[in-house]
Amino acid sequence: MCKTWQILTGQAPETIATVAAATALVDPNTKTNREIFVGNVPLEAQADALQQFLGSAMQQVGLTTAPGNPIVHVRMNARFSFLEFRSMEEATHALFLNNIPFGSSTLTFARPSKYAGPVTPTKSWFETLADSNVLGNVMEQQAAGPPPSTVVRIGSVVNADELVDDESYQEVIEDMREECSRYGTVLGIEIPRNAAAGVGYVFVQYSTVEEATKARNAFSSRTFDGKQVDATFFGHDDFAAKRF
């Protein structure tokens with residue numbers, strides 16, 4: 001269900017000329033301090049897609065110091081890569097992308113082993129989103145929402161027309177089960193369809209409230225097809241009785 005950041009936010013990719021211009025301005029003597037290690041990269045990932053995705057994400061939450069993509073070069077090596085930034089400050093800011101979802105993986109960020117500068121802080125992607133106020137309205141809604149539960153109701157991630165055909169419906173269920181399993185043990189998943197109550201929502205039951213909270217927070221940090229994902233707790237008894 002993951003899409004590129006450009007599709008989700010409606011942003012156009014950077015042009016080759018823009019990236020080339022940024023590359024010409026960097027100081028080669030500071031390269032070691034301008035590189036960041038990225039782990040857990042999907043095997044199918046391409047360098048240009050990773051560059052555009054992460055560059056756009058940084059621009060979206062205010063982690064850049066100038067217009068354009070801050071990443072000037074990407075070196076890929078199986079499940080990890082090295083990003084070269086146009087400035088040391090933006091390389092430091094990239095550490096605030098830790099655990100950002102990308103394709104089928106959750107990326108990790110760290111300084112390369114050759115880095116000899118001062119220790120700098122890191123943040124999870126969710127913390128960065130919260131600090132940037134991208135999630136301001138969502139957090140307010142959650143504070144006044146249902147009490148914590150092992151069940152999460154997720155909206156704006158499925159379309160009713162995808163649920164009509166049985167084969168497509170099963171594919172959606174399996175895709176959502178796989179995605180939701182990243183945050184804990186999924187005990188049950190319900191996706192109402194046709195004229196049933198709750199159409200348009202995905203209901204997921206986890207084994208613990210902690211896992212459900214992790215999933216709710218993660219999904220609330222996303223947009224899908226240009227829409228903010230709505231994730232809230234849902235009553236266990238209502239889920240068991242299928243009162244959606």
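For the range 30-129, the strands (runs of 3 or more DSSP E) that sit wholly inside it and include 1 or more residues that are of a type in the set (Val, Ile, Thr), in contact with a Leu (Cβ under 9 Å, 6 or more places away or on another chain) and outside the structural domain of THR213 (by TED's automatic domain parsing) are 35-39, 71-77. On inspection, THR208 does not qualify as over 20 Å from PHE126 (Cβ atoms) and out of contact with any Leu (no Cβ under 6 Å at 6 or more places or on another chain). Against the test of being crowded, with 19+ Cβ neighbours inside 10 Å, under 24 Å from ASN98 (Cβ atoms) and not assigned by TED's automatic domain parsing to the domain that holds ALA57, the options ILE191, ILE154 yield a single qualifying residue, ILE154. Taking the criterion of being basic (Lys, Arg) and part of a helix (DSSP H, G or I), the residues of the range 160-196 that qualify are ARG177, ARG182. Residues in the range 73-86 that are in contact with a Phe, Trp or Tyr (Cβ under 7 Å, 6 or more places away or on another chain) and of a type outside the set (Phe, Trp, Tyr): ARG75 only.
The values are calculated or read from the model by the stated rules, or taken from the named source; none is laboratory data. What you are looking at is a predicted structure, and each value in this text was computed from that prediction instead of being measured. Here the Cβ is made from the backbone with ideal geometry for all residues, glycine too, and neighbour counts use every protein chain on show.
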